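Contents: one structure, followed by commentary.
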Amino acid sequence: MNVMRKIATALRGSVRESAEVVIDANAIRIFEQEILDAEQGITRSKQQLAYVMAERVQLERANTTLREQIMSREQQAAKALDIDDEALATELAEDILEKEQVVNEQLLAVQNLTTREKNLTRKIQVSAQQIKTFRRELGIAKATAGAQKASRLAGSHSSSVDTNIIDLNTSLQRIKQQQQRVDDTTEAAAVIEDEIGDGALDKKVESAGLGTRKADIQSVLDRVRKV
């Protein structure tokens, strides 16, 4: 039984850890949904506040009407007394008393509604301000998450960029070597042509000053000197 209990505990721990992993992976999304839920709660609270305010206004309006009726009954009772109609005056007085009792009860209800209205208004204001703060924090959290993601991407790309730069340098050096090889080959071909090409011997004769035209010119000069 002890082993089974430990296995059950381990399974609960595994489920808890898995749940925490899911929560951490979706923390911002959960936070945003919680804000939306709170905002919906604020909307419902405002509707309740509107209902309370409407009830208070209706009671105040009813009390105003009752007071006007009481004043009218008082005037009627006074006239009944003037004509010595005691029974009518008494009946009017009873009606006045009933209406005053209703007014007093409704005044108490108005006071309770006013207190409730003030408390609810204050709670809504505080909650709304807190939600605004949470909204700002949500924006900061999203911006931070975006920056962290960009930083991770930049980090992963930096190694790729370094690799690309190495490849570029290798390719450039290979191109330079190929071009240098072409230049060297061209120069070598020119040297070979000078050494063993068809015109190599003529060039050597020319360089030695034994070329036909040059010799002819020299001959002319020698002849002129003797004249």
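What does the extension gain come out to for Ala145 and Ser72, with contour length at 0.36 nm per residue minus their alpha carbon separation? Intermediate results must be reported in sequence, preceding the final value.
Values: separation 73, 0.36 × 73 = 26.28 nm, distance 7.23 nm.
Separation in residues times 0.36 nm, less the Cα-Cα distance, equals 19.1 nm.
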### Task
For segment 54-64, take each phi angle, set θ = phi - 60°, evaluate the Karplus expression 6.51 cos²θ - 1.76 cosθ + 1.60, and give the result in whole Hz per residue in order, putting x for glycine and proline.
5, 4, 4, 4, 5, 5, 4, 5, 5, 5, 4
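In whole angstrom, how long is each semi-axis of the equivalent ellipsoid of segment 38-135, when you take the square root of 5 times every eigenvalue of its Cα gyration tensor and sort them from largest down? Working shown, then result.
Details: eigenvalues 436, 15, 12 Å².
Working through the eigenvalues yields semi-axes of 47, 9, 8 Å.
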### Task
With viscosity set to 1.567 mPa s and temperature to 4 °C, compute the Stokes-Einstein D of segment 69-121, Rh being the Kirkwood radius across alpha carbon pairs; µm²/s, no decimals.
102 µm²/s
### Task
Please compute the net charge surrounding Met53, taking Lys and Arg as +1 and Asp and Glu as -1 over other residues with Cβ under 13 Å from its Cβ.
+2
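Every number in this text was worked out from the coordinates using simple rules, so none of it is lab data. Small disclaimer: the values here were computed from a predicted structure and weren't measured. For neighbour counting, all protein chains shown are included, and Cβ atoms are generated from backbone atoms with ideal geometry for every residue, glycine included.
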